[in-house]
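Notes follow the structure.
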Amino acid sequence: MSCIISSSCKMCRREGQKLFLKGDRCYTDKCSYERRPYPPGQHGQRRMKFSEFALQLREKQKARRYYGVMEGQFRKYYARAAAQKGDTGLNLLRQLELRFDNIVYTLGFAASRREAKQLIRHNHFMLNGKRANIPSIVLKPGDIIEVAEDSREKAKVMAAIEGSSRREVPAWLAAEHSAYKGDVKELPAREHVTLPIEENMIVEFYSR
């Protein structure tokens, strides 16, 4: 099973903005991006002029790292989005937003997407009443997510719920923290995607 092992803080610095990959730490003065808001490496503080291709690549990498998706997975999401009717960029973002691990994080049951992925793989969540351990499942409206009953006292889950007040649950989701559950009300609209990203540049990158 492949996974992203790069330093989370270096990824934020490389993309030039906070991607909130480390949970609560990103909201404190310990955040590496706050202390060193420039790319890592000995040439990080130099001014660089980017080509159109480089800008498109950076947008793609930003989205991929934000959602914690490998390159092969991301290509499959793009191919699926391009085959669907409507705006390819919006279709792509919807698939990423509807990932099981992203929804667990967005509902406030995990401190970060990486932590959500780990909790799901260890069978701490249920989807529509059944245990589910695949973080990449793309959910649909009407799906119900619950913390498994024997995992509700888990320290990571409790800490995430306590700190969830820092993040607002978007209108397309409904969270009931007291009952350890949430559900997908509708498909996410473009304005619900909080990451400042130009999805059209990603489409242009793959359309070359």
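Structural remarks
- Test: residue in region 91-107 that is modelled with pLDDT under 95 and over 17 Å from THR194 (Cα atoms): no
- Looking only at region 65-78, and only at residues there that are closer than 24 Å to ASP143 by Cα and not in a loop (DSSP other than H, G, I, E, B), the one that is modelled with the lowest pLDDT: TYR66
- Residue in region 118-126 that is more than 27 Å from ARG75 (Cβ to Cβ), assigned to a helix (DSSP H, G or I) and modelled with pLDDT under 95 present: no
- From the options ARG58, ARG47, residue that is more than 19 Å from the chain's Cα centre (by Cα), closer than 23 Å to ILE197 by Cα, among the basic types (Lys, Arg) and modelled with pLDDT under 90: ARG47
- When the residues of region 162-208 are filtered to those that are closer than 22 Å to ARG65 by Cβ and of a type in the set (Val, Ile, Thr), the one that is surrounded by the fewest Cβ atoms within 10 Å (Cβ to Cβ) is THR194.
- Just so you know, in region 111-128 the residues that are buried (at least 18 other Cβ atoms within 10 Å of the Cβ) and without any contact (Cβ under 8 Å) to a residue 60 or more places away in the chain include one that is farthest from MET158 (Cα to Cα), and it is LEU127.
- Exactly one residue among GLU168, GLU162, GLU191, GLU153 is at pLDDT below 95, more than 23 Å from LYS130 (Cβ to Cβ), out of contact with any Phe, Trp or Tyr (no Cβ under 9 Å at 6 or more places or on another chain) and part of a loop (DSSP other than H, G, I, E, B), and that residue is GLU168.
- Scanning region 127-150 for residues that are in a strand (DSSP E or B) and hydrophobic (A, V, I, L, M, F, W, C) yields LEU127, VAL138, ILE144, ILE145, VAL147.
- Annotation: GLU186 fulfils all but one of (1) touching a residue at least 40 places away in the same chain (Cβ under 8 Å); (2) over 16 Å from the mean Cα position of the chain (by Cα); (3) in a helix (DSSP H, G or I); the unmet one is (3).
The values are calculated or read from the model by the stated rules, or taken from the named source; none is laboratory data. Since we're looking at a predicted model, the values are computed, not measured. Cβ: placed from backbone, ideal geometry, glycine included. Neighbour counts: every protein chain shown.
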